[in-house]
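Notes follow the structure.
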Amino acid sequence: MFDQKAIKTLIKETQLIDPATLTKAVSDADKKHLNLEEYVVTANLVDEEKLFQAIADKLNVPYINLKNYEIKKNLLFLIPSALAVSHQVVAFSKEGEELKVAMNDPLDLQTVEFLSRKTGLTIKPHLTSPGSLKDVFKKYHATLESDISIIKPGTEGESSAQLKKIAEDLPIINIVNSILEHAVYEGASDIHIEPMEKEVIVRYRVDGVLRPIMTLPKQVQAGIIARIKILANLKIDEHMLPQDGRIKLVLQDEKFSLRVSILPIYDGEKIVMRILHEGSKPLTLDQLGFLPDTKKSIEENLEKPHGIILVTGPTGSGKTTTLYSILNMLNKPGVNISTIEDPIEYRVNGVNQSQINPRVGYTFASGLRSFLRQDPDIIMVGEIRDAETAEIAIHAAMTGHIVLSTLHTNDAPTTIPRLLDMGIPSFLVAFTANIIVAQRLVRKICPDCKQEFKLTQENIKDLEKIVDPKKMLDLFKKNDCLKPSDQKLTAWTFYRGAGCRKCNNEGYKGRLGIYEILVVDQVMAELINKKATVTEIKQAALKAGFISLLEDGIIKAKKGMTTIEEVFSAAKE
């Protein structure tokens, strides 16, 4: 949290620990991967209050000891418990329009700004010790549990009216609001609410990784589920069938749409909510992480008057986001664009967006047929799931339309045989396919704690087994990421995040894509016509300058955008 050199200097200057003990403490803290201030307190080398008072004086911020401090309940719950615990912050006093908060990190301006927006008050941050905050969090839980204890546990036999009454209890409303608001604040893409035998677990997916956030008592389960069903306009007394719905949310003057999925499981009903920012604009290819050459290939293929552009990859690899970015480039006043999606994830002005509804027979295939009678220039199909959809999409591309879609394949070259396996004639694939983009998402290195490191000999040997060092050197030169000391493989410099308060000590913040692009030129079209194998397609692509997912990722790792570990994890076959 705090600069470790500064903490060491502070302890030395204030003589809280003698020099010999301090030197040993620094070494021991490093071995145990603990912050120095955390280690010296847990090892009883210094009084916690004295240390944090000294830190406050150094930072020139007020200090507050909250042990035995009486905090009013209405102040305590100005900050939701999940947010308080995750960011180590509590409200303890209010004077007029000023709210005094105690924090482990009073320099966390992002949290201070968020609290100011949330409460509408001026925030006055105070430093406090971790032990002091623990005492306050006990009060949070005690107050929460006392509120929860008045809630009647729900059962599957409850009537709709009884469940509605439980869902309208103030503690339940507060818990659900806290879960949703905190998820938006954390930048989560998904919320998982998972009933267990004796408790309810809440987890958020942030930058592609699921993180446990809070554990709630079992008796709130029925109320939370009922509350979310009401918000999503679902059947409140249906417990045996899956349900899907949407929740509209306005937070911090921004609009969000939550795609709700409820699934019956052994211990109740599991809820997963996908968070979609309605006001967000499609990202540019540069923002998505496309390198200059791959970006140029896409732009050139968008100039073609007809044909199909496919984006492939597993679930959650960012295919839809890439499609919307391409769609945004094509979205001009003189064209008619129609999309058929499941669900509509982004709203785009000037685009006719339609959502499938299998219950009434409105599928990708039937929607596509209808689109062709709507005089479209460009069609986007959310996903090609079956042979019928693939056939209609290919025929649409053949008859003068630009078609964008996604497909589930591991890489770009295997997309060709996948289409052929669906029963599409090889000559149609060869004639209509323009470009195939395969992608994965990797976490970006936190810019605030990025540091260099050299590959070990073992790393180098592993790398040589997977990629051609000479080719990589050429690619590094081409993408301007080769240092003078990097001319030999043994000296390659890469980067990783050390971990800091801005990235929750994870070393990563945000995500970007790694890509491979297969351009269907005349040579490739002839190979497809001949029903060439995946190996033959890959060999021809490599001759034409094809860069694989792994190679694209290594270039980005070399540029300091992500880590080599992330690339190997995402691009492994």
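Couple of notes before you dig in:
One line per residue, one yes/no per condition, for (1) at pLDDT below 90; (2) within 22 Å of Ile517 (Cβ to Cβ); (3) charged (D, E, K, R):
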| site | (1), (2), (3) |
| --- | --- |
| Thr321 | no, yes, no |
| Asn336 | no, no, no |
| Pro343 | yes, no, no |
| Ile379 | no, yes, no |
| Arg385 | yes, no, yes |
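- Test result for Leu549, surrounded by 17 or more Cβ atoms within 10 Å (Cβ to Cβ) and among the hydrophobic types (A, V, I, L, M, F, W, C): yes
- Scanning region 272-288 for residues that are buried (at least 17 other Cβ atoms within 10 Å of the Cβ) and free of Cβ contacts under 8 Å to residues at least 60 places away in the same chain, we see that the one that is farthest from Val250 (Cα to Cα) is Leu285.
- Filter result (surrounded by fewer than 18 Cβ atoms within 10 Å (Cβ to Cβ), touching a helix residue (DSSP H, G or I) at 6+ places or on another chain (Cβ under 7 Å) and either assigned to a helix (DSSP H, G or I) or of a type in the set (A, V, I, L, M, F, W, C) (or both)) within region 520-543: Val523, Ala525, Asn529, Val534, Glu536
Results for (1) assigned to a loop (DSSP other than H, G, I, E, B); (2) surrounded by 14 or more Cβ atoms within 10 Å (Cβ to Cβ), shown as yes or no for each residue.
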| residue | (1), (2) |
| --- | --- |
| Asn410 | yes, yes |
| Ile416 | no, yes |
| Ile424 | yes, yes |
| Phe431 | no, yes |
| Val437 | no, yes |
| Val442 | no, yes |
| Glu458 | no, no |
| Lys465 | no, no |
| Lys470 | no, no |
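- Considering residues of region 113-146 that are within 18 Å of Gln53 (Cβ to Cβ) and not in a helix (DSSP H, G or I) only, the residue modelled with the lowest pLDDT: Ser129
- Among residues of region 60-81 that are on the phi < 0 side of the Ramachandran plot, those with a Cβ under 6 angstrom from a residue that is polar (S, T, N, Q) and not in a helix (DSSP H, G or I), sequence gap 6+ or separate chain, pair up as Ile64/Thr128; Leu66/Thr128.
- Some residue of region 309-317 being surrounded by 19 or more Cβ atoms within 10 Å (Cβ to Cβ) and more than 24 Å from the chain's Cα centre (by Cα): yes
- Filtered by the rule that a residue be part of a loop (DSSP other than H, G, I, E, B) and open to solvent by less than 30 Å² (accessible area, probe 1.4 Å), region 21-60 gives a lone residue, Val46.
- Considering residues of region 323-333 that are open to solvent by 30 Å² or more (accessible area, probe 1.4 Å) and either among the β-branched types (Val, Ile, Thr) or part of a loop (DSSP other than H, G, I, E, B) (or both) only, the residue nearest to Thr294 (Cα to Cα): Asn331
- Odd one out for Val437, checked against (1) at pLDDT 95 or above; (2) touching a Gly at 6+ places or on another chain (Cβ under 6 Å): (2)
- Hey, Asn68 part of a helix (DSSP H, G or I), open to solvent by 10 Å² or more (accessible area, probe 1.4 Å), modelled with pLDDT under 80 and not basic (Lys, Arg) or not: no
- Residue in region 261-287 that is farthest from Gln162 (Cα to Cα), counting only those that are within 17 Å of the chain's Cα centre (by Cα) and in a strand (DSSP E or B): His277
- Of residues in region 72-104 being crowded, with 18+ Cβ neighbours inside 10 Å and assigned to a helix (DSSP H, G or I), the one farthest from the chain's Cα centre (by Cα): Leu76
- Whichever residue in region 399-408 is assigned to a loop (DSSP other than H, G, I, E, B) and not polar (S, T, N, Q) and, among such residues, is nearest to the chain's Cα centre (by Cα): His408
- The criterion of at least 2 residues that are surrounded by fewer than 22 Cβ atoms within 10 Å (Cβ to Cβ) and among the polar types (S, T, N, Q) is met, among strands (runs of 3 or more DSSP E) falling completely within region 334-398, by 352-355.
- Tally, over region 205-230, of residues that are surrounded by fewer than 19 Cβ atoms within 10 Å (Cβ to Cβ), more than 24 Å from the chain's Cα centre (by Cα) and not in a strand (DSSP E or B): 3
- Scanning region 235-260 for residues that are surrounded by fewer than 18 Cβ atoms within 10 Å (Cβ to Cβ), part of a loop (DSSP other than H, G, I, E, B) and among the aliphatic types (A, V, I, L, M) returns Met240, Leu241.
The values are calculated or read from the model by the stated rules, or taken from the named source; none is laboratory data. The structure presented is a predicted model; accordingly, all values stated were derived computationally and were not measured. We place every Cβ from the backbone using ideal geometry, glycine too, and count neighbours over all the protein chains shown. The accessibility values were calculated without ligands, DNA or RNA, using every heavy atom of the protein model including side chains. Shrake-Rupley method; radii C 1.70, N 1.55, O 1.52, S 1.80 Å.
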